[in-house]
C-alpha cells in the first residue's frame, strides 16, 4: 500500500509539470505561427488571386446567415426596447438607441460569432484534411510554400472580409428596426436614418472597425492553426474543426471585453 501510494504521488508530481510544460510549448507554437504569418504576409510572392478567392468564399459562406440574423436582431431589439423607452416617454430615441447598439456591439459580435461557426470550422476542416492526406507535405516537396498559399491568404481574407460584413450586418439590422418602427410609430425611412445616424460618432465607427479587424484575424488564425497542425487522421480533422469554433468564439468574447474597456476610456 505504501509503495502504491508513493508511486501515485510521484506520477502526480510528474504529471503536473508535464501539463504546464505542454501549455508553454503550445503557446510557443502559437506565437511562432503568428510570427511566421507576419513574416510571410509581407514578403513576395503575393497570392493575390487566391486571396480574392478566399475573400469571396468567406463572404459568400456567411452572407445568407448574417443577413437573416442581422435582420431578426434589429426587429427583436427594437421590439424589446420600445416598452422600456415608452415608460419614460422616450420612444423617439428608439432609432438612436438601435443605431448605437448595432454599430458599437451587436454587429461586430454577431458577425464574428457567425463567421467563427461557419468560416472557422470550414478552414479548420479544410486544412486539417489536407494535412492528414499529406497534401500539404506534397506542396512542400513541389517547392510551393503551403503556409503562404493556405494560411496567409485565409487569415488576410478573414481580416478584410469581417469588417465589411460587420457594416453590412449593421445596415440589415437597421432595416429590420425600420420595419418595426414604421409599423409601430409610422416613422418614415428618412427620419429614422437621420435620427439613428446623428448619434453615431467617429469613435463608434473606428471602434467597430478595429474590433471587426481583430475578430477577423482571430477567426482566420485559429482556424488555420488548428487545421495546419492537425493529426490523427479523420479524428484530427473533426477535432480541428471543433477547436476552431470553440477557441475562436472564446477569444472573441475576451477581445470584446478588452476592447469595450479600452474604447470606453476615450468616451469618458
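The values are calculated or read from the model by the stated rules, or taken from the named source; none is laboratory data. Because the structure is a prediction, the values reported are computed rather than measured. So basically every Cβ, Gly included, is an ideal-geometry build from the backbone, and we count neighbours across all protein chains shown.
Summary of values
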item	result
Verdict on residue 233 being surrounded by 21 or more Cβ atoms within 10 Å (Cβ to Cβ), in the same structural domain as residue 112 (by TED's automatic domain parsing) and either touching a residue at least 24 places away in the same chain (Cβ under 8 Å) or under 18 Å from residue 164 (Cα atoms) (or both)	no
Number of positions in region 125-139 that are out of contact with any helix residue (DSSP H, G or I) (no Cβ under 6 Å at 6 or more places or on another chain) and either on the phi < 0 side of the Ramachandran plot or crowded, with 20+ Cβ neighbours inside 10 Å (or both)	6
The one condition in (1) in contact with a helix residue (DSSP H, G or I) (Cβ under 6 Å, 6 or more places away or on another chain); (2) assigned to a loop (DSSP other than H, G, I, E, B) that residue 143 fails to fulfil	(1)
Those residues of region 215-239 which are in a loop (DSSP other than H, G, I, E, B) and at pLDDT 90 or above, in sequence order	none
Answer from 257, 210 - the residue that is assigned to a helix (DSSP H, G or I) and farther than 19 Å from residue 170 by Cα	257
Which listed residue is within 16 Å of residue 85 (Cβ to Cβ) and either assigned by TED's automatic domain parsing to the domain that holds residue 110 or in contact with a helix residue (DSSP H, G or I) (Cβ under 9 Å, 6 or more places away or on another chain) (or both), from 201, 209, 187, 169	187
Residue check, residue 91 modelled with pLDDT under 80, farther than 30 Å from residue 144 by Cα and touching a helix residue (DSSP H, G or I) at 6+ places or on another chain (Cβ under 7 Å)	yes
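Condition check ((1) under 27 Å from the mean Cα position of the chain (by Cα); (2) in contact (Cβ under 8 Å) with a residue 40 or more places away in the chain; (3) surrounded by fewer than 21 Cβ atoms within 10 Å (Cβ to Cβ); (4) within 13 Å of residue 176 (Cα to Cα)) across all residues:
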{"position": "70", "(1), (2), (3), (4)": "yes, yes, no, yes"}
{"position": "74", "(1), (2), (3), (4)": "yes, yes, no, yes"}
{"position": "77", "(1), (2), (3), (4)": "yes, yes, yes, yes"}
{"position": "81", "(1), (2), (3), (4)": "yes, no, yes, no"}
{"position": "89", "(1), (2), (3), (4)": "no, no, yes, no"}
{"position": "111", "(1), (2), (3), (4)": "yes, yes, no, no"}
{"position": "120", "(1), (2), (3), (4)": "yes, yes, no, no"}
{"position": "123", "(1), (2), (3), (4)": "yes, yes, no, no"}
